[in-house]
Structure formats: C-alpha cells, structure tokens
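Below is one structure, written out as structure tokens; the observations come after it.
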Amino acid sequence: MDQGSLFEKENKPVECLGMTFKNDDERREYFRNELRKKLPDLKDIEGFPIGDDEDIIELSDPPYYTACPNPWVKSISKLWKNEKINRQKAPYTADVSEGKREPIYNVHTYHTMDVS
C-alpha cells in the first residue's frame with residue numbers, strides 16, 4: 001500500500017457506536033477523553049491494572065480495546081448482535097439435480113481412477 005492510500009484511509013469518516021467522526025484519530029481522541037472521565041469508577045472493579053491513568057489511556061484504543069475493564073463492552077456487543085441479525089440471509093433453496101451424468105457428480109473424481 002503506498003503512502004497516498006494510507007493517508008486517504010486515515011481521513012475518511014468513521015462511524016462508531018452510532019456516532020460519526022471525521023477520521024479515526026478524532027474517534028480515538030473522543031473516546032480516550034470519555035475513558036478519562038470513567039476511570040475513577042472503573043478503579044473499584046477487581047482486576048483494574050496498577051498504573052498511572054495516562055499510561056492506561058495511552059495503551060487503550062477505546063471503545064474497542066481498553067487496558068482496563070471496558071465500559072463499552074455491552075454497547076459494542078449489542079450493536080454487533082443487531083448488525084448480525086440484519087445481515088442474515090435466507091438459506092439456499094434452489095433445486096439440485098443428482099445422478100451419475102450430472103456435472104456436480106463428476107466434480108471430484110477419484111485421482112486413481114482412469115476416466116478415459
């Protein structure tokens with residue numbers, strides 16, 4: 001991938017949890033600020049990492065990944081579940097013919113069998 005296409009990709013609008021941002025950096029900055037506000041409440045959760053708040057925020061890419069308990073897990077899970085339900089397709093229901101003379105029957109012939 002050349003430098004031009006990398007730059008174009010970074011400046012495209014990004015949708016995240018129902019919000020639209022100018023680019024991924026803007027999304028990351030917004031959610032890092034939100035994580036900064038939520039950290040005092042998250043510190044009460046068992047398993048919260050030992051470290052400075054700014055180090056935890058620097059290691060995080062919220063809302064998808066946080067270096068501490070993720071406050072957006074339920075929102076992301078619910079969104080992905082709804083997207084999955086909306087993407088489901090109907091099962092394949094066309095007729096399939098069968099028999100020794102049909103092309104589908106001869107797709108995988110025996111490699112040791114002489115077909116001549």
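Every number here is computed from the coordinates shown, using simple stated rules; none is lab data. Bear in mind the structure is a predicted one, so any value in this text is a computation, not a measurement. A quick note on method: Cβ atoms are made from the backbone with ideal geometry, for glycine too, and the neighbour counts reach across all protein chains shown.
Below is a table of values for the structure above.
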read-out: Per DSSP, loop trypsin sites (Lys or Arg not before Pro) in the range 22-70 with at most 13 further Cβ within 10 Å; value: 22, 43
read-out: 5 angstrom amide H check on residue 23, placed H, neighbours 5+ away; value: 14
read-out: The range 56-105: chymotrypsin sites (Phe, Trp or Tyr not before Pro) falling in loop per DSSP and having at most 16 other Cβ within 10 Å; value: 64, 92, 105
read-out: Net charge over other residues, Cβ less than 15 angstrom from the Cβ of residue 81 (K, R count +1; D, E count -1); value: +3
read-out: Label-zone membership for the range 55-69, site residue 26, 7 angstrom Cα→C-beta point, backbone N under 17 Å; value: 63
read-out: Within-13-Å neighbourhood charge of residue 54 [Cβ basis; K, R +1; D, E -1]; value: -2
